[in-house]
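Colleague: The structure follows.
The values are calculated or read from the model by the stated rules, or taken from the named source; none is laboratory data. These numbers were taken from a predicted model, which means no experiment stands behind them. All Cβ positions, glycine included, derive from the backbone under ideal geometry; neighbour counts span all protein chains shown. For accessibility, only protein heavy atoms count, side chains too; no ligands or nucleic acids. Shrake-Rupley method; radii C 1.70, N 1.55, O 1.52, S 1.80 Å.
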Amino acid sequence: MLNLHKKLKARLTTSLAEALPQVEVNNNMFLNSDSRLALIKLDESLPDHGALRDQLSEYVDSDFPAMVFVYDSLQDELAVNEYSQNGLKKLTEVAGFEDAPAHAARLIDAFQSLPRRYVFSIPLPSDVSELFVPFVVDESLGPNIRLVKATKEFAEKYPLDHTDEKRQSKIHGGSLLFPTPANVTYSENRIYLQIETQGFVGSYGGTVPAVRAERLLKSFLGLGLALRLLKVEDVYHMSPPTHSFFVHKADGDGWTIHTKIDFDRDTSRVFDQLRSNDMFTGASKERKLSLAMLIVDELRAVFSAGDKADATTLGAGWLFESYGVQDRRLSYVQSMVVLEVLLGDKAMSDAIGLGQLLRNRCAYLIGKSHEERRTLLKDFDELYAVRSQIVHRGKATLNFKERLLSNKLRDICNRVIQREVDLLRGESK
């Protein structure tokens with residue numbers, strides 16, 4: 001619970017009571033985005049540093065935590081109203097919201113009650129899931145991330161149906177032409193990735209906990225690519241499917257479905273292209289099981305290592321995102337950022353240059369012989385030269401040779417991440 005001083009809470013309540021009559025609503029259920037301006041004054045009452053500010057930056061938003069909380073909370077409440085063609089009107093003209101002081105007190109009480117607990121869930125690609133089914137039931141990878149099999153007990157603990165029909169329709173979609181399904185179910189025995197977080201998550205995401213969950217997912221998938229659990233396969237869709245997190249909120253001793261947060265188009269597209277790595281093709285059941293268990297052990301070594309693994313998880317996230325950018329130049333730069341995150345050092349790069357630092361560290365980290373080190377040193381000069389042409393000269397396109405270099409760069413990124421994981425795994429033992 002937030003430690004709001006009595007006087008601070010009173011100021012926030014008074015300020016919000018004055019602001020709510022200025023908030024505008026479209027069609028009886030959508031907040032006018034300009035209404036954020038009326039709510040921004042709330043944050044003028046909050047301290048700009050200290051323990052409370054640190055909490056709010058972690059739980060909601062680093063710039064306007066009070067405004068974001070109130071705006072998203074109101075939007076969530078209005079979303080279950082009946083659509084009206086009456087157009088724009090004041091919030092206090094909407095049925096149930098007439099008493100601004102009462103709603104201000106209620107919302108500030110809710111703000112003070114933060115943090116709330118959430119679980120984000122998403123199914124792994126089916127053929128990847130099949131690799132984990134033989135041994136995963138509820139496998140913890142770290143303090144806030146795990147792999148779970150969708151059993152009957154799992155479905156009862158994290159129900160996908162909401163008891164309120166309007167909430168059900170809002171979460172899972174639905175219209176006059178396409179009614180909301182009466183029962184939404186998990187894919188039986190599918191392996192789900194679950195991420196726990198706390199703070200405040202609105203219906204559409206965007207707050208710090210939701211962003212943190214998506215980054216952790218990208219780190220997991222980037223590690224999966226580097227550790228050869230996953231590959232990205234070209235799949236053509238007229239309109240790529242949208243992939244989403246199911247988000248549950250703690251409700252007493254149980255969990256209630258809270259919302260479904262869709263990924264952006266690029267993330268959804270790459271997620272839809274993920275398949276199990278080619279090294280599993282044709283392997284015996286015993287070999288597949290052995291490899292899958294080894295990779296889970298490697299993932300656990302990273303996600304349970306705490307701060308020591310920050311660079312590894314950040315670099316893995318950049319690796320995954322490099323597949324989402326359709327502009328080959330930006331993808332190339334993002335791949336190079338992976339190495340900058342993992343091997344960079346500002347003090348040393350200032351002294352000898354970033355390119356030389358990355359070149360030397362990369363060669364000596366992953367080179368297994370003197371000959372391989374010499375080859376890596378030579379190749380890296382060419383790889384970094386392309387990066388410099390893109391960043392400093394605005395290079396327009398990548399030719400065929402440079403596209404091949406892009407593949408070589410990704411391979412080096414994979415090997416560097418693998419080496420970092422080996423080090424973390426060794427330390428964990």
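Colleague: Is it the case that Glu372 is more than 22 Å from Leu227 (Cα to Cα) and at pLDDT 90 or above?
Modeller: No: the conditions fail for Glu372.
Colleague: Going through Ser331, Ser388, Ser369, Ser322 one at a time, which residue ends up being closer than 30 Å to Ser140 by Cα and of a type in the set (S, T, N, Q)?
Modeller: Only one candidate qualifies: Ser322.
Colleague: Can you tell me how many residues within segment 220-248 are open to solvent by 10 Å² or more (accessible area, probe 1.4 Å) and either within 14 Å of the chain's Cα centre (by Cα) or basic (Lys, Arg) (or both)?
Modeller: Counting residues in segment 220-248 that are open to solvent by 10 Å² or more (accessible area, probe 1.4 Å) and either within 14 Å of the chain's Cα centre (by Cα) or basic (Lys, Arg) (or both) gives 5.
Colleague: Could you please find all residues in segment 93-145 being closer than 27 Å to Ser268 by Cβ and in a loop (DSSP other than H, G, I, E, B)?
Modeller: Across segment 93-145, the qualifying residues are Leu124, Pro125, Val133, Val136, Asn144.
Colleague: Separate question: Inspect all residues belonging to segment 132-151 and state whether any of them is hydrophobic (A, V, I, L, M, F, W, C), surrounded by fewer than 17 Cβ atoms within 10 Å (Cβ to Cβ) and touching a residue at least 24 places away in the same chain (Cβ under 8 Å).
Modeller: Checked against the condition, which is being hydrophobic (A, V, I, L, M, F, W, C), surrounded by fewer than 17 Cβ atoms within 10 Å (Cβ to Cβ) and touching a residue at least 24 places away in the same chain (Cβ under 8 Å), segment 132-151 yields at least one hit.
Colleague: Also, quick follow-up: Restricting to segment 21-54, give me the number of residues that are in contact with a strand residue (DSSP E or B) (Cβ under 9 Å, 6 or more places away or on another chain) and assigned to a helix (DSSP H, G or I).
Modeller: Matching residues across segment 21-54 total 4.
Colleague: Confirm whether Leu20 is more than 24 Å from Arg212 (Cβ to Cβ), surrounded by 15 or more Cβ atoms within 10 Å (Cβ to Cβ) and not polar (S, T, N, Q).
Modeller: Yes; evaluated as a whole, the condition is true for this residue.
Colleague: Being at pLDDT 95 or above, of a type in the set (D, E, K, R) and over 30 Å from Leu221 (Cβ atoms) is the requirement here; does Asp138 meet it?
Modeller: When the stated conditions are applied, Asp138 does not pass them.
Colleague: Can you name the residue in segment 64-101 that is of a type in the set (Phe, Trp, Tyr) and touching a Leu at 6+ places or on another chain (Cβ under 9 Å) and is also most open to solvent (accessible area, probe 1.4 Å) among such residues?
Modeller: Out of the qualifying residues, it is Phe64.
Colleague: If you don't mind, another one. So which residues in segment 194-251 are assigned to a loop (DSSP other than H, G, I, E, B) and among the hydrophobic types (A, V, I, L, M, F, W, C), if there are any at all?
Modeller: Phe200, Val201, Leu227, Leu229, Val235, Met238 - these are the residues of segment 194-251 that are assigned to a loop (DSSP other than H, G, I, E, B) and among the hydrophobic types (A, V, I, L, M, F, W, C).
Colleague: Still on this structure, I have one more. Considering (1) open to solvent by 70 Å² or more (accessible area, probe 1.4 Å); (2) farther than 21 Å from Val341 by Cα; (3) at pLDDT 95 or above, say which one Leu314 fails and leave the rest.
Modeller: (2) is the only condition that Leu314 fails.
Colleague: Can you tell me which residue within segment 1-14, out of those that are touching a residue at least 60 places away in the same chain (Cβ under 8 Å) and assigned to a helix (DSSP H, G or I), is least open to solvent (accessible area, probe 1.4 Å)?
Modeller: Leu12
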